[in-house]
Amino acid sequence: MENIRLGIIGVGNMGSTHARNITAGKCPELRLAAIADTNPARLAWARGQFGEGVRYFDDALSMLDSGCIDACIVAVPHYDHARYAMECMRRGLHVMVEKPAGVYTRQVRAMNEEAAKHPDVVFGMMFNQRTNCLYRAAREIVRSGRYGRIRRANWIITDWYRPQCYYDSGDWRATWAGEGGGVLLNQCPHQLDLWQWIVGMPDRVTSFMRFGQWHDIEVEDDVTTYMEYASGATGVFVTTTGDAHGTNRLEIQMDAARLTVENDALKLLVYDVDEPTWSKTNKEPFASMPAHEEAVVTDGQNPQHVGVLNAWAGAILRGEPLVAGGEEGINGLMLSNAMHLSQFLGRTVELPIDEDLYFEELMKRVATSRRKAGGTAVFADTEGTY
């Protein structure tokens, strides 16, 4: 196989971004062969953009059965991610799933179980922020253990600002029935994945959410969550789409260092002695622990979506590593579901969550969800928004 014949299910904001990247030659081992979308206007747009060298389908399964593709990107609304991924697997088609892996862990667990039946299928998740050299370096530093245990992690990620017109751009957006959640399901799968990838999964979660606090929507647009670990470490995760000029700062305190990622820079403050030793031996009640900054060398690379797709192609053709295996998608979603369940029940929840209880609580909200009617879908370029 010289190149991989690629299909894309859903040519909305993200699907069209992937299609443009591929046709621009940024993924030389992938060739755009087919597009499926149920929206006739989007298919017409795609035909005008990508020409007659690509086949167009108004039904995803017809494309999957056509024999014209070897691999597929699933870029549809969240509830259908697992469904179409499994349809690909059953046909022996390699599959890349846009974030999040799904809406609730029960459906993602079924997807992972299906993947295990098809070991020859290369199954990836579009966790493009794992390609950022700063987060890769942060993970290596934390997971190495050379600065001791994690004591505390805080992430304030409030620069996901979205105006009302964003939510009005599709009838499925920001509804329980259409999207299954708000900022945690749409924007923050990136940070939730990075959190568990770098810091690990907590044991208990207590979350406080506001639904439609800053927008005319029914799902969460303001979240503050407290996490506890068996090791004694704690974490706080704060996010919103309502801050016009927000912050993106990850801080991790360890026994012998403080790590921060903010403003496109990773800083490492290393303590001259570890804190437990300093606390026991220092004799000055108000002394400041001696510390110094150390430069962190990275490879400077941050290829984002293109990097994920090129790694996926390498995995298909040569068995090279993925940026994120598809089965890993359940972890960040488990965090998201736990946060929602904590708010739904008004109490702390333990991980792993009761998946059936979460599904029941979600379906209560789906039953009264108000899908928008009468609007016209609006699509926009997502470049630089991640």
*asked:* Out of S279, S288, I need the residue that is surrounded by fewer than 17 Cβ atoms within 10 Å (Cβ to Cβ) and closer than 21 Å to Y229 by Cβ. Which one?
replied: S279
*Qualifying positions in the range 138-164 - more than 21 Å from V273 (Cα to Cα) and in contact with an Asp or Glu (Cβ under 9 Å, 6 or more places away or on another chain)*: N154, W155, I156, T158, D159, W160, Y161, R162, Q164
*Report the residue count in the range 190-237 for those that are closer than 27 Å to E327 by Cα, open to solvent by 40 Å² or more (accessible area, probe 1.4 Å) and in contact (Cβ under 8 Å) with a residue 24 or more places away in the chain.*
7
*Could you please find all residues in the range 302-328 being touching a helix residue (DSSP H, G or I) at 6+ places or on another chain (Cβ under 6 Å) and among the charged types (D, E, K, R)?*
E320, E327
*Report, by residue number, each residue of the range 40-66 that is of a type outside the set (A, V, I, L, M), open to solvent by 50 Å² or more (accessible area, probe 1.4 Å) and either out of contact with any Lys or Arg (no Cβ under 8 Å at 6 or more places or on another chain) or under 23 Å from F123 (Cα atoms) (or both).*
P40, W45, R47, G48, E52, G53, R55, D58, D59, S62, D65
*Scan the range 94-141 residue by residue and report those that are in a loop (DSSP other than H, G, I, E, B) and among the hydrophobic types (A, V, I, L, M, F, W, C).*
A101, V103, V121, V122, M126, F127
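Scan the range 13-39 for residues that are assigned to a loop (DSSP other than H, G, I, E, B) and either among the acidic types (D, E) or surrounded by 23 or more Cβ atoms within 10 Å (Cβ to Cβ) (or both) and report the count. Walk me through it before giving the result.
Residues of the range 13-39 assigned to a loop (DSSP other than H, G, I, E, B): 24-29, 37-39.
Going one step further and asking which of them are either among the acidic types (D, E) or surrounded by 23 or more Cβ atoms within 10 Å (Cβ to Cβ) (or both), we end up with 27, 29, 37.
So the count comes out to 3.
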*Write out, first by first residue and then by second, each pair whose Cβ atoms fall under 7 Å of each other, whose residues are 6+ apart or on separate chains, and whose first residue, in the range 256-283, is among the hydrophobic types (A, V, I, L, M, F, W, C) while the second is open to solvent by 60 Å² or more (accessible area, probe 1.4 Å) and assigned to a strand (DSSP E or B).*
L268/E293; L268/E294; L269/R258; L269/E293; V270/H292; V270/E294
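Based on what the data block shows, is V76 over 23 Å from N310 (Cβ atoms) and assigned to a loop (DSSP other than H, G, I, E, B)?
No.
The values are calculated or read from the model by the stated rules, or taken from the named source; none is laboratory data. The structure displayed is predicted, hence computed values, not measured ones. Cβ: placed from backbone, ideal geometry, glycine included. Neighbour counts: every protein chain shown. For accessibility, only protein heavy atoms count, side chains too; no ligands or nucleic acids. Shrake-Rupley method; radii C 1.70, N 1.55, O 1.52, S 1.80 Å.
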